[in-house]
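> Quick one: structure below, then a few questions.
The values are calculated or read from the model by the stated rules, or taken from the named source; none is laboratory data. From a predicted model like this one, the values you see are computed outputs, not experimental measurements. Cβ placement follows ideal geometry from the backbone for every residue including glycine, while neighbour counts extend to all protein chains displayed.
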Amino acid sequence: MIKKTLVALSAIALSAGTLSACGSDGGGEAAADGGGSDDTITMGFAQVGAESGWRTANTKNIQEAAAEAGVDLKFSDAQQKQENQIKAIRSYIQQKVDVIAFSPVVETGWDAVLQEAKRANIPVILTDRAVDSEDTSLYKTFLGSDFVEEGKKAGQWLVDNAADADVDGDGDINVVELQGTTGAAPAIDRKEGFEEVIAANGEISISQSQTGDFTRDGGKQVMEAFLQSEDDIDVVFAHNDDMGLGAIEAIEAAGLVPGEDVKIITIDAVKDGMTALSEGKINFIVECSPLLGPQLMDLAEKVLAGEEVPTRVVTEETTFTPEQAAEVLAERQY
Ligand code: AHR
């Protein structure tokens with residue numbers, strides 16, 4: 001296997017385990033050769049950014065899993081910008097990495113760069129988030145959560161707890177929604193799943209819905225605006241823990257008690273979210289696991305060895321009440 005010098009990427013932060021990259025025909029030479037430094041699999045991973053506790057845990061898990069599997073990881077942080085991710089993927093193609101993995105910032109606009117990877121015979125694995133490409137031959141597999149299902153679980157908790165959620169007792173359950181990044185698969189799918197399930201209860205409706213970009217600051221700012229524009233908010237549905245934690249700050253600043261005066265439902269179950277849940281400031285969390293690294297390395301090895309892999313690998317996840325959060329908090333990894 002010929003070693004090539006890493007091509008520097010301007011404007012995108014890259015962290016690399018080594019400064020070499022193995023070329024590949026995408027059909028399995030690296031893994032099939034069996035051991036030896038020249039057979040090291042080189043993976044280019046284009047991450048979304050560092051917008052949330054979930055993302056930080058996901059990055060750490062992928063880096064640790066790569067080290068554990070002996071994979072040479074080229075890592076880039078797109079700072080939540082699609083153009084940065086496209087630049088990073090093009091750089092990985094230029095470097096002739098063996099496999100490219102990425103978590104797309106948004107669903108649309110990937111066909112051109114994915115076709116470039118395909119023409120270069122570099123297999124692509126989607127992790128965490130989907131693309132909307134009709135040509136599914138542009139990627140080998142998609143590993144990650146079922147975001148529609150997560151939205152449904154959040155909606156089902158609200159339907160099941162509707163009586164408690166009518167905080168002001170006016171017979172209507174007024175929900176405000178903090179959406180994830182506009183155009184991102186988890187924002188689109190969680191909204192869809194939640195709306196589908198709450199439609200079963202005519203008393204529940206969403207009065208306002210805006211993006212907080214999956215960040216704590218974004219959640220806080222949008223919640224402040226919601227609180228200023230209406231005073232009968234019963235429930236916050238936040239598409240992730242970080243935005244829910246930002247909403248808690250806004251609710252407390254408005255002199256209200258989060259979890260009591262305003263019920264809060266979030267998605268992720270990172271440690272900060274689980275702490276707030278165990279304290280009763282959040283009422284329900286739907287888990288979204290960031291621990292995708294070991295499965296990603298396993299899929300990459302199989303793809304490069306020419307083995308069949310499922311086109312979709314769905315992450316197993318659960319839900320947490322405050323009592324359940326208190327039980328598992330001490331051993332929560334992230
Ligand atoms: O794509 C997964 C989502 O992205 C997580 O729920 C969120 O916290 C992150 O930013």
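> Collect the residues in the range 115-129 that are surrounded by fewer than 17 Cβ atoms within 10 Å (Cβ to Cβ) and at positive phi, keeping them in residue-number order.
Within the range 115-129, just Asn121 meets the criteria.
> Still on this structure, please answer the following. I'd like to verify a number: residues in the range 266-283 that are within 15 Å of the ligand (Cβ to nearest atom) and surrounded by fewer than 24 Cβ atoms within 10 Å (Cβ to Cβ), how many?
3
> Taking Asp261, is it within 16 Å of the ligand (Cβ to nearest atom), of a type in the set (D, E, K, R) and in contact (Cβ under 8 Å) with a residue 12 or more places away in the chain? Before you say what the answer is, go through the steps one by one.
Working: within 16 Å of the ligand (Cβ to nearest atom): no; of a type in the set (D, E, K, R): yes; in contact (Cβ under 8 Å) with a residue 12 or more places away in the chain: yes.
Considered against the rule, which asks whether it is within 16 Å of the ligand (Cβ to nearest atom), of a type in the set (D, E, K, R) and in contact (Cβ under 8 Å) with a residue 12 or more places away in the chain, Asp261 comes out as no.
> Among (1) within 16 Å of the ligand (Cβ to nearest atom); (2) surrounded by 24 or more Cβ atoms within 10 Å (Cβ to Cβ); (3) assigned to a helix (DSSP H, G or I), where does Met223 come up short?
The one condition Met223 does not meet is (1).
> Sort out for me the strands (runs of 3 or more DSSP E) sitting completely within the range 88-172 that have 2 or more residues that are free of Cβ contacts under 8 Å to residues at least 12 places away in the same chain and basic (Lys, Arg).
Filter on the range 88-172 gives an empty set.
> Another question, then. Please enumerate the residues belonging to the range 87-130 that are aliphatic (A, V, I, L, M), over 17 Å from the mean Cα position of the chain (by Cα) and more than 19 Å from Gln63 (Cβ to Cβ).
Ile93, Ala112, Val113, Leu114, Ala117, Ala120, Ile122, Val124
> Filter the strands (runs of 3 or more DSSP E) completely within the range 242-334 down to those with at least 2 residues that are within 25 Å of Ile206 (Cβ to Cβ).
The strands (runs of 3 or more DSSP E) meeting that bar are 263-268, 284-287.
> Next question, about the same structure. If you scan the range 184-207, which residues turn out to be surrounded by fewer than 24 Cβ atoms within 10 Å (Cβ to Cβ) and touching a residue at least 60 places away in the same chain (Cβ under 8 Å)?
Selection gives Ile188 alone.
> Same structure, new question: Does the range 231-251 contain at least one residue that is under 26 Å from Gln80 (Cβ atoms), more than 13 Å from the ligand (Cβ to nearest atom), modelled with pLDDT of 95 or more and out of contact with any strand residue (DSSP E or B) (no Cβ under 7 Å at 6 or more places or on another chain)?
Scanning the range 231-251 turns up at least one residue that is under 26 Å from Gln80 (Cβ atoms), more than 13 Å from the ligand (Cβ to nearest atom), modelled with pLDDT of 95 or more and out of contact with any strand residue (DSSP E or B) (no Cβ under 7 Å at 6 or more places or on another chain).
> OK, next. Inspect all residues belonging to the range 57-66 and state whether any of them is away from the ligand (no atom under 16 Å from the Cβ), at pLDDT 95 or above and not small (Gly, Ala, Ser).
yes
> Cβ-Cβ under 6 Å, sequence separation 6+ or interchain: first residue in the range 66-81 and part of a strand (DSSP E or B), partner among the polar types (S, T, N, Q). Which pairs?
Pairs found: Asp72/Thr18; Asp72/Thr40; Asp72/Thr42; Phe75/Ser15; Asp77/Gln47.
Yes/no matrix, rows are residues, columns are (1) crowded, with 19+ Cβ neighbours inside 10 Å; (2) under 21 Å from Leu304 (Cα atoms); (3) among the basic types (Lys, Arg):
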site	(1), (2), (3)
Gln85	yes, no, no
Val105	yes, no, no
Val131	yes, no, no
Phe142	yes, yes, no
Val148	no, no, no
Gly151	yes, no, no
Val175	yes, no, no
Thr182	no, no, no
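> Quick check on the range 173-188: of everything there that is within 16 Å of the ligand (Cβ to nearest atom) and part of a strand (DSSP E or B), which residue is farthest from Gly218 (Cα to Cα)?
Filtering the range 173-188 for residues that are within 16 Å of the ligand (Cβ to nearest atom) and part of a strand (DSSP E or B), the one farthest from Gly218 (Cα to Cα) comes out as Glu177.
> Could you pull out the residue among Ser145, Ser137, Ser133 that is within 13 Å of the ligand (Cβ to nearest atom), more than 26 Å from Leu256 (Cα to Cα) and among the small types (Gly, Ala, Ser)?
Going through Ser145, Ser137, Ser133 in turn, just one is within 13 Å of the ligand (Cβ to nearest atom), more than 26 Å from Leu256 (Cα to Cα) and among the small types (Gly, Ala, Ser): Ser145.
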